[in-house]
1. Out of A:Gln270, A:Gln242, which single residue is at pLDDT below 95 and either within 14 Å of chain B (Cβ to nearest Cβ) or under 18 Å from A:Pro558 (Cβ atoms) (or both)?
2. Of everything in the range A:603-623, what is within 30 Å of A:Phe576 (Cα to Cα) and open to solvent by less than 30 Å² (accessible area, probe 1.4 Å)? Give them in sequence order.
3. Determine whether the range A:169-192 contains at least one residue that is among the polar types (S, T, N, Q) and open to solvent by 30 Å² or more (accessible area, probe 1.4 Å).
4. Output the residue which, of all residues in the range B:55-72 that are in a loop (DSSP other than H, G, I, E, B) and away from the ligand (no atom under 16 Å from the Cβ), is farthest from B:Met1 (Cα to Cα).
5. Output the number of the condition that B:Asp38 fails; it satisfies all remaining conditions of (1) over 14 Å from the mean Cα position of the chain (by Cα); (2) under 15 Å from B:Leu81 (Cα atoms); (3) charged (D, E, K, R).
6. Given A:Glu84, A:Glu7, A:Glu58, which one is touching an Asp or Glu at 6+ places or on another chain (Cβ under 9 Å) and either free of Cβ contacts under 8 Å to residues at least 60 places away in the same chain or not in a strand (DSSP E or B) (or both)?
Amino acid sequence: MRLQAPENMVTFTFDGRRIKGVPGEPVSAALLANGIKLVARSFKYHRPRGVMSAGAEEQNALVTVGQGAQAEPNVRATTLEVSEGLEVSSQNAWPSLRYDMMAVNDLISPFLAAGFYYKTFMWPRSFWEKLYEPVIRRAAGLGALSGQTNPDTYEKAFAFCDVLVIGAGPAGLMAALTAGRAGADVIIADDDTAMGGRLLRECEDIEGKPAREWVLDALAELDAMPNVRRMTRTTVTGAYDQGTYGALERVAGRFAPDKPLECFWRIVAQRAILCAGALERPIAFPNNDRPGIMMASAVRAYVNRWGVTPGKAVTVFGNNDDAHRTARDLAAAGIKVAAVIDSRDDAKVAGDYPIYTGAQVIATKGRHGLQSITIRHNGGTRMVQTDCLAMSGGWNPTVHLTCHMNGRPTWREDIASFVPTPQSIPGMVTAGACNGSFTTAACLAEGAAVAAEVAAGLGLKPKVTVPDADGTAYALAPLWAVPGKGRKWIDFQNDVHVKDIKLAAQENFRSVEHMKRYTTQGMAPDQGKSSNVVALAVLADATGRGIPETGTTTFRPPYVPVSIAAMGAGSQGKGFAPERFTTSHKASVARDAPMIEAGLWYRPSYFPQMGETHWQQSCDREVGYVRNAVGVCDVSTLGKIDIQGPDAAALLDFVYTNMFSTLKVGRVRYGLMLREDGHVMDDGTTARLGDTHFVMTTTTAAAGLVMRHLEFVLQVLRSDLDAKVISVTEQWAQFAVAGPQALALLNTVLDQDLDDEIWPFMACGEVGVSGVPGRLFRISFSGEHAYEVAVPSRYGESLFRMLTAQAEVMGGGPYGMEALNVLRIEKGFVTHAELHGRTTAFDIGMARMVSAKKDCIGKAAAARPGLSDWGRQQLVGLRSTNALTAGAHLFEKNAAETRGNSLGYTTSVCYSPTLQMHLALGFLENGRARHGEVIKLRDHLRDVTEEVAVCDPVFFDPTGGRARG
Amino acid sequence: MRITCPNCGTRDRREFYYLGDALALDRPAEDAGLGAWDDYLHSRDNPAGETRDLWCHEAGCGAWLIVERNTVTHAVHKATLAEKVKR
Ligand SMILES: [Zn+2]
């Protein structure tokens, strides 16, 4: 029911029923306004449940929003804003909310008590996976995921400030005003749609005017300050190291397609002021979970803020003065207050409605909505007709964030609550209700005082002015559970009641942590926001201890559930993964080359031609280009590191196993790099362009790793060396030109014809490439007469087009990764398939490359026993007439193909069109001594068995005459 | 977690690459013997409390840093350029 007819109304649906609501109000308010009490079924027993609160602490009213792939389950109806066309559905009920078949669980509830799963489903073991678990999973739980890809957009963002104010009630607003006025960079975040906190929900005055007006003035002042940023709909969800806070912003409703649904913020604040307020706690009395039984503060919030009355005849049950505010506000709004029940004998309260002091609610009636309650009073009982019971067991300060870094709150007897322990989070202070200061006057004063301290700590000069407000102290007498027949619910979301906790105590789960796990109290999306303290009190009672002796409560982040989609924003699918394209990318794609990923790079797999139906045909043709004419391949993805300085050569001597200081200017040398543990890290060629100038190439995969390694050596191990390194991979476009016609092809683009005398194998130097200063390296990864020609990147595309066009005239053309791989396997050149982190220089037959004349990274460790024993698996070549597979294991011809008999494995395979046979590289125990023998290859995964002949890994042109010629 | 790079200021830990104990600074001589090398390569304490680690500001200035921090309190005390540390 609404107190007044609102002006703007929109239509949304709840379980298909069309409902009118005010845009921006919580869905729970609209449901209550339309007399809808039953909104959900409980987790375990499928009990009918209704709206309980008016905020993020809601335990019952979890709904699903949207449909199909966009459906989002477990959304709290109390924080979901009404908007036109919103589709809301109830959860955990079948076939309908009113007639839920699974409510049978409630009838057999004696069998489903705490620990039930542990006791019942132990035996027989095999039944667990097949029978019990699937059945339980189907029966339990809340909303379900659609199983489809979420099409909604999410965002993540970073923010920085001097002072983060968490919560915008009276304390938070005063803190933001005080810090803002002093000149601090302030972010004030609040989870509500509007700032003001409880001031928007209470009837009280500040500075002689209605509190809501004071809030508007405060917000106007904050908005006028350029150094203050206000973030509404933003829940600070976690406190992390070094002043980092996570926050979830509900950016837009579901009908603003240009905006993300949610944004996950990381806010870095020098200081933070927690003004998170307090949460009212329920009282455990029999059948306290019927729809219509709500928190007292929520009832008056619906009346005061949204003009919605949750009932026609409201009763109030509390143990404190605050509960009476609800009766007073409702009576003032003209709503019938049927009875006020105060458990305190000595409560001094008055009102124009029946008040029962020293009384308790001992029973309730109404399956789908509250109809009546029974009161025990003066030794007798009395039944009162009521459709809404407002309960208040007192207030729990919202200490959550102070617990996120292992802090434990402190028990305060006078308010029967936990309050934050100071300095639980470095840089964070607390003020107001979350600190146990419950009056508006105290909240305003503390907010101002704490912010002044913080601002002064930042070197600012704050002034403190505190407005006048109500400072009436709040009195309560603890009441946790009311004796009587029927279940007294404590954790509504997880269906845990008083008896469950007593059972836990009885079965000796007396520690709070054990009790929680045994009963599941405090789990589920709610994480015990409302139930932890009551549960602890009941456990204390059951074990005959005081609350502080029984334990404490703690909370982990996040404060409210945060969707994985928000935390992982930008990471769905390809997300923000960078793509690196070579200068020949467009030209390669234009030739229909399938591009394959190589790290972040994309490289052409092969260049198909008309009539070719299989990649193997293209690959064989391209290998033929290189072996018989000339091929062109973009090798720009290899890492290129420019090294300069007087000690550049000394640096190379230290990071490579072999000697570089002896390399002549204008020459290139192959280098092997070890990790400090003696295993091979990377290999490549390094060219000496000048006395103090080298350019190193790394493999594509290890470019970043090697760069970091060189920096490590220079900065950490050898800061005595005067040398600098910088990556120039992006700056140079580099192409391999390989084959008997390589020289002829190059001469068509070079400014001056090459002289073979000046450019022998492994020479390097500067050349003019069609008028552009470039570099030329006579190196070969194919075993042919070959060069790599480099030009500044901006000329890469045109050079690639010139080279490939000319190559085609000469009976060659471009070649891709498949052909490159075949060419290098034919020559026994290793890549990271072989240099996979567990191979040593000895294993790949390069032990002699570890120079005895100098120290280098990995030298000492490589000399350890075991790293160069002849029994180790050594690089070999394997040949066969049939196709081989990589990753297959090697066995003696007649041995059983078991793990214990494995002698090694294959790492790279190809069909060699040059040799017309299948080749493999692999590692074989004592392999170098077994050339010429026939062994067995077995691939259990692909079911391949072949006899293979062991040979030298250099299958083609073993003397290397073609490359030198 | 945030680390204050002497070159760049306070940055999110996602910008940094973690290597491990700053023991890596004390590289033994080539002939120090297997025991010394084994210790250097493999033996690390797992302290609950103060640590000195090597981090690289890889997505920043590229500097290798020695970060002093506490694994219990998560406090990060300071970061110094490894290059400047006297050995
Ligand atoms: Zn830096």
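1. A:Gln242
2. Initial filter on the range A:603-623 (within 30 Å of A:Phe576 (Cα to Cα)): A:603-607.
A:Arg603, A:Pro604, A:Ser605, A:Phe607 - these are the residues of the range A:603-623 that are within 30 Å of A:Phe576 (Cα to Cα) and open to solvent by less than 30 Å² (accessible area, probe 1.4 Å).
3. No; the residues of the range A:169-192 include none that is among the polar types (S, T, N, Q) and open to solvent by 30 Å² or more (accessible area, probe 1.4 Å).
4. Out of the qualifying residues, it is B:Val72.
5. (2)
6. A:Glu58
Here is a yes/no grid of residues against (1) among the hydroxyl-bearing types (Ser, Thr, Tyr); (2) at pLDDT below 95; (3) under 30 Å from A:Asp241 (Cβ atoms):
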residue	(1), (2), (3)
A:Lys365	no, no, no
A:Gln371	no, no, no
A:Thr374	yes, no, no
A:Asn378	no, yes, no
A:Thr386	yes, no, no
A:Ala390	no, no, no
A:Thr402	yes, no, yes
A:Gly407	no, yes, yes
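Residues are listed down the side, and each one gets a yes or a no for (1) part of a loop (DSSP other than H, G, I, E, B); (2) open to solvent by 10 Å² or more (accessible area, probe 1.4 Å):
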| residue | (1), (2) |
| --- | --- |
| A:Arg801 | no, yes |
| A:Ala805 | no, yes |
| A:Ile825 | no, no |
| A:Ala852 | yes, yes |
| A:Ile857 | yes, no |
| A:Pro865 | yes, yes |
| A:Asp869 | yes, yes |
| A:Thr885 | yes, yes |
| A:Leu890 | no, no |
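The values are calculated or read from the model by the stated rules, or taken from the named source; none is laboratory data. Predicted model only: the values in this text are computed from it and were never measured. Using ideal geometry, Cβ is built from the backbone for each residue, glycine included, and neighbour counts are taken over all protein chains shown. SASA here: full protein model, heavy atoms, side chains in, ligands and nucleic acids out. Shrake-Rupley method; radii C 1.70, N 1.55, O 1.52, S 1.80 Å.
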